[in-house]
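First comes the structure, then the notes that go with it.
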Amino acid sequence: VPVLFKQALENTAVEEGKSVSLRCELTKADATVVWKKGGATLQASAKYEMKQKGTVAELVIHNAEPEDA
């Protein structure tokens, strides 16, 4: 059975220099989630924090910049 999005990402505005959290909900708990920007896969770092609990996957972008859009 394929994993689907129950709740897709929503557009979010954030003030430059602040942190923003992007969340999506999946139909299957602990499914592998890969966060991408364009064609590049994001890696966990001081800027990008990935979290997953059950069916909810979250990407936190620290020190947001216009290039993060």
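Between a residue in segment 25-37 that is free of Cβ contacts under 8 Å to residues at least 12 places away in the same chain and any residue that is of a type in the set (A, V, I, L, M, F, W, C) and part of a loop (DSSP other than H, G, I, E, B), which pairs come within a Cβ distance under 9 Å, given they are 6 or more apart or on different chains?
Hits for this filter: Thr32/Val3; Val34/Leu42; Lys36/Leu42.
Kindly state which strands (runs of 3 or more DSSP E) lie completely within the chain and contain at least 1 residues that are of a type in the set (Phe, Trp, Tyr) and open to solvent by 80 Å² or more (accessible area, probe 1.4 Å).
Passing ranges, in order: 5-7.
Can you pull out the residues in segment 48-69 that are more than 11 Å from Ala29 (Cβ to Cβ) and not aliphatic (A, V, I, L, M)?
Tyr48, Glu49, Lys51, Glu58, His62, Asn63, Glu65, Pro66, Glu67, Asp68
List, please: which pairs have Cβ atoms under 6 Å, are six or more places apart or on different chains, and start with a residue in segment 1-23 that is over 20 Å from Ala46 (Cβ atoms) and end with one that is of a type in the set (Lys, Arg)?
Here the result reads Val3/Lys28, each pair linking segment 1-23 to a residue that is of a type in the set (Lys, Arg).
Mind counting the residues in segment 51-65 that are under 11 Å from Ser21 (Cα atoms) and not acidic (Asp, Glu)?
So the count comes out to 7.
The values are calculated or read from the model by the stated rules, or taken from the named source; none is laboratory data. Note that the coordinates shown come from a computational prediction; the quantities given were computed from them, not determined experimentally. Virtual Cβ from ideal backbone geometry, glycine too; neighbours counted across all protein chains shown. We work out accessible area using only protein heavy atoms, side chains counted, and drop any ligands, DNA or RNA first. Shrake-Rupley method; radii C 1.70, N 1.55, O 1.52, S 1.80 Å.
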